[in-house]
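Just below is one structure, and these are the notes that go with it.
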Amino acid sequence: MSESTPAIDPALLKRTPLHALHIAHGARMVPFAGYDMPVQYASGVLKEHLHTRSAAGLFDVSHMGQIILRAKSGAIADAALALEKLVPVDVLGLAPGRQRYGLFTNERGGILDDLMIAHRGDHLLLIVNAACKDADAAHLRAHLSDTCEIESLDRALLALQGPAAEAALAQLAPATAQMRFMDVRTLEILGSDCIVTRSGYTGEDGFEISTPADAAESIATALLALPGVALIGLGARDSLRLEAGMCLYGSDIDQTTTPIEADLLWAIQPVRRTGGARAGGFPGANIILEQIASGTSRKRVGLQPDGRAPVRSGAQLFADDTSPSAIGHVTSGGFGPSVDRPIAMGYVATQQSTTATAVFAEVRSKRLSLGVTPMPFITPKYKRG
Amino acid sequence: MKFTEEHEWLTLDGSIATVGITEHASTQLGDLVFVELPKVGTALTKGNGAAVVESVKAASDVYAPLDGEVVEVNDAVAADPALVNSDPLGKGWLYKIKLANRADFDALLDDDAYKKLIG
C-alpha cells in the first residue's frame, strides 16, 4: 500500500481561525493553497459527504479570499462598471442584496479565477479562491486603482450546507430563513456582524457566513451544537461539488480554458455578449465573443464511467478503445457517494461532446468506457422560491 | 499472521499465502469504493503493484508482498469494497498466492514489529 505524503513543513502553513477546532475534532490536516486545512474528520469523506446531503455540513472555508471593491466616487455603479472591465459578467445589473458567479479572464480568453460577486449596497464583496487571492487583489489594484479602493478582508468564512442548514442557522439568525438562493445580508450572529449569503458549493441549499476572525470559533461551536450539524472536510467538499457539476479552479478551469470551452456561457449575461448594451470590454473579449458565435474545438462535459472503477483527474480520453491519439482528458473524477457510482468531468473534442457519446479513458493501461452525460449528477436543492 | 512495511498482512497455509491490508491501512485509506484484484494465474513480483484499492478521494496500489502466483481472489470484496473496512483481517482479504519461496514468509514482520512500525 502506498500513499504519497507531500513534503511540506506544517509550520510554514497558514492557519485559519478554526485551526484549533479542527484539531480538537480529530481532523486529518493537509496542506491546501498554503493553509493547513482539514481534509476529513474521524468519520471520513464518504460519511461526511452523505451527512451533508441528509442533514447539514459545516465547512471552514476561511482560506478563501474576501475582497471589498468600493468606488472612490462613492457610487456603487462606478465600482460595478470598473469590475466589468475584468469580468464578462453583468455586474451593473446586480440588484442590492444579491450575488452572482463571475470569472476573471485574461487577454487570451482564459480564466484567471472564478469568484462570487455580491452587491452590498454601497460596495461589492468578492469571494475568490484561496490559491488566487493574492494575485486577484494585485490584478484588481493594477487595473482598477484609479477609480476604486480594494481591501482584502481578514475574516473567517464558514459554509453551512444541506437540508438541515436553514433550521440550524435560523436558531442563531432567524432572518436567514427568509433569504432566497443568492441573497446576501448583514446579520448579527452571537453579537457579531456577519455577512450571510444563501449559496454554496455542494448543490444543497445552504449558506456561506463571513464572520469576524475572532468570532468564528464561537459561531462554529454554536452551529455544531444544533441538530444535524457536523464538521465536514475538504475531501467531501470536493466530491459534493463534483456531483453538483461545479468547476474547481486549477483543475476544471484555468488560464488555458475559456469560459465557452468550460461550458460557462450562462455566467456571461446577454448584456455583455455581442449585441448587448455593454458587449465586450473585458480581457479576451474578442476571443470569447468569437467563440460564442462560432463555437470551440473542445468542451467541458460530464462523464459517466460504465464500470465501477473511478476515472480520475489526468486520465487521457480517446474516441475508441484502440486509437493512439487522445481527444481530451479528465479534469475531475472520483466516486460520487450520493449517486453511488464513479463520476467525472473533463474536456473532449466538440464532436464527442454530445450526450450519450461513448468515450474511453486510459486507466492503468486499460481503456475504460464512459458516456458523455449532462451535469449536475444530482438534483440541486437551491431555495429559489 | 505476518505483516509488511507497506501495511499488508499475510497468513500461510502450506505454501499458499492469503493477503490483505491491515486495519491501520484501511483506517488511513477511509471507506473504500472500488477494489481491483489481480487475475488468477498472474505471476507477482515482490514490490510490484498487485491490486488497487480506491477511496472517494484516491487510488492506492497494494504491492505484492512476496514473489508468487495468484491462485484465488476474493470476488466478495470486488462486489462490496466496504468489506475491507469492516473486516480487513477477515472477510476483507484480497487474494491468495502460491509462494515461490516458502521461506520468504518467515522474514516478514511479526505482530510486535508491525505494531512498532505504526507506532
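Since every read-out is calculated from the coordinates, none of them should be taken as a lab result. As the structure is a computational prediction, the values presented were derived from the model and not from experiment. Cβ coordinates were reconstructed from backbone atoms using ideal geometry, including for glycine residues, and neighbour counts include every protein chain displayed.
How big is the charge dipole of region A:81-212 about its Cα centre, in debye rounded to the nearest 20, if each Lys and Arg gets +1 on its Cβ and each Asp and Glu gets -1 on its Cβ?
Here region A:81-212 has a charge dipole of around 200 debye.
Inter-part distance, region B:31-56 to region A:114-155, computed on C-alpha centroids, equals 47 Å. Listed by Cβ neighbour count within 10 Å, with the fewest neighbours leading, B:VAL52, B:VAL33 appear as B:VAL52, B:VAL33.
A:LYS14: which lysines have alpha carbons under 20 Å from its alpha carbon, excluding same-chain residues fewer than 8 sequence positions away? Counting by Cα, and skipping residues close in sequence, A:LYS14 has these lysines nearby: A:LYS133. Here the extension length gained between A:GLU188 and A:PHE32 equals 53.1 nm, from 0.36 nm per residue of separation less the Cα-Cα distance. Rounded to the nearest 20, the size of the Cβ-charge dipole of region A:194-270 about its Cα centre is 180 debye, with Lys and Arg at +1 and Asp and Glu at -1.
Projecting the Cα atoms of A:ALA356, B:ALA82, A:VAL271 onto the dipole axis of the protein assembly as shown, where Lys and Arg carry +1 and Asp and Glu carry -1 at the beta carbon, places A:VAL271 farthest toward the positive end. By the beta-carbon count within 10 Å of each Cβ, the least crowded to most crowded order of B:TRP9, A:TRP266, fewest first, is A:TRP266, B:TRP9. Loop-resident trypsin sites (Lys or Arg not before Pro) (DSSP state other than H, G, I, E or B) in region A:75-164 with no more than 16 further Cβ atoms inside 10 Å of their Cβ: A:LYS85, A:ARG108. When +1 charges are put on Lys and Arg Cβ atoms and -1 charges on Asp and Glu Cβ atoms, the dipole computed for chain A relative to its Cα centre reaches about 680 debye. Distance distribution P(r), region A:297-373, all Cα-Cα pairs, bin width 10 angstrom from 0: 23, 60, 16, 1 percent.
For region B:44-119, what does the alpha-carbon gyration tensor say about shape, rounded, prolate or oblate, given a ≥ b ≥ c as the root eigenvalues, a/c under 1.5 as rounded, and a/b over b/c as prolate? In terms of gyration-tensor shape, oblate. Here the 3J(HN,Hα) profile of region A:115-127, calculated from phi with Karplus coefficients 6.51, -1.76 and 1.60 at θ = phi - 60°, is 7, 10, 10, 10, 8, 10, x, 10, 7, 9, 10, 10, 10 Hz, Gly and Pro shown as x.
Can I get the semi-axes of region B:2-99's equivalent ellipsoid? Compute them from the C-alpha gyration tensor as square roots of 5 times the eigenvalues, in angstrom, largest first.
Result for region B:2-99: semi-axes of 20, 13, 13 Å.
Taking θ as phi - 60° and the Karplus parameters 6.51, -1.76 and 1.60, the scalar couplings of region A:154-159 work out to 9, 10, 8, 9, 10, 10 Hz in sequence order, x denoting glycine and proline. Selection among A:ALA175, A:VAL330, A:THR256 by position relative to the dipole of chain A gives A:VAL330 as farthest towards the positive end (Cβ unit charges, Cα centre).
From the largest down, chain A spans 63, 52, 45 angstrom on the principal axes of its Cα atoms. Based on Cα contacts under 8 Å between residues 6+ apart, chain B shows a relative contact order of 32 percent. Exposure proxy ranking for B:ILE21, A:ILE260, A:ILE287, based on other Cβ atoms within 10 angstrom of each Cβ and starting from the fewest, stands as A:ILE287, A:ILE260, B:ILE21. Could you tell me whether region A:121-218 comes out rounded, prolate or oblate from its Cα gyration tensor? Rule is a ≥ b ≥ c as square roots of the eigenvalues, rounded for a/c under 1.5, then prolate if a/b exceeds b/c, otherwise oblate. It comes out prolate by the Cα gyration axes.
Would you give the gap between the C-alpha center of region A:64-79 and the C-alpha center of region A:190-247, rounded to a whole Å? About 25 Å separates the Cα centre of region A:64-79 from the one of region A:190-247. For region A:50-59, backbone phi angles converted through the Karplus equation (6.51, -1.76, 1.60; θ = phi - 60°) give residue-by-residue couplings of 5, 4, 4, 6, 9, 9, 8, x, 10, 10 Hz, Gly and Pro being listed as x. Placing R0 at 60 angstrom, the Cβ-Cβ distance between B:ALA43 and A:ALA95 gives a FRET efficiency of 0.30 after rounding to 0.05.
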